[in-house]
Amino acid sequence: MACPNEGCTSRVPRGALAEHRQHCQQGSQQRCPLGCGATLDPAKRARHNCYRELHNAWSARQERSRTLLLCLLRRVRWLHRATSVVRRELAELSNFLEEDTALLEGTSQESKVTPEGNAGAEVVGEPRANVTYK
């Protein structure tokens, strides 16, 4: 039979064709027949195991994905803690503002009331320091 590799003019017995193809210089670069896509010369084709290579590549990708996922999980946990702190601080600020608003509303109502004995007199001065407003 004629060698099927382009450019090779050798004629070999049909039973020896497979061995000839492995060592033929004209067919030195061929794609893996098992479908992994690797381009192999005859020496590499003899010991090529694309399933092992694909498994190793898949395992490496899985490990990278796992590492990225763990990193993302750490960041999400940090973000959750940070937003919890902000949420607590906003709640405290809201309570403070509500108390402050209640204090201001209470002060404005008290200033409208005229103290007894001072009809028409203006109330001026600082609030007493020991007074607690709620």
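Of all residues in the stretch 89-108, exactly one satisfies the criterion of being open to solvent by less than 70 Å² (accessible area, probe 1.4 Å) and of a type in the set (Asp, Glu), namely Asp100. Please verify whether Arg66 is closer than 30 Å to Ala38 by Cα, modelled with pLDDT of 95 or more and in a helix (DSSP H, G or I), treating the condition exactly as stated. Yes, satisfied. His80 satisfies every condition listed in (1) part of a helix (DSSP H, G or I); (2) in contact (Cβ under 8 Å) with a residue 12 or more places away in the chain; (3) open to solvent by 100 Å² or more (accessible area, probe 1.4 Å) except (2).
Scanning the stretch 17-41 for residues that are of a type in the set (S, T, N, Q) and either exposed (fewer than 13 other Cβ atoms within 10 Å of the Cβ) or at pLDDT 75 or above (or both) yields Gln22, Gln25, Gln29, Thr39. Among the candidates Gly15, Gly35, the residue that is at positive phi and out of contact with any Leu (no Cβ under 6 Å at 6 or more places or on another chain) is uniquely Gly35. Annotation: of all residues in the stretch 42-69 being out of contact with any strand residue (DSSP E or B) (no Cβ under 8 Å at 6 or more places or on another chain) and open to solvent by less than 70 Å² (accessible area, probe 1.4 Å), the one that is nearest to Asn5 (Cα to Cα) is Pro42.
The values are calculated or read from the model by the stated rules, or taken from the named source; none is laboratory data. From a predicted model like this one, the values you see are computed outputs, not experimental measurements. Methodologically, a virtual Cβ is constructed for each residue, glycine included, from the backbone with ideal geometry; neighbour enumeration extends over all protein chains shown. We work out accessible area using only protein heavy atoms, side chains counted, and drop any ligands, DNA or RNA first. Shrake-Rupley method; radii C 1.70, N 1.55, O 1.52, S 1.80 Å.
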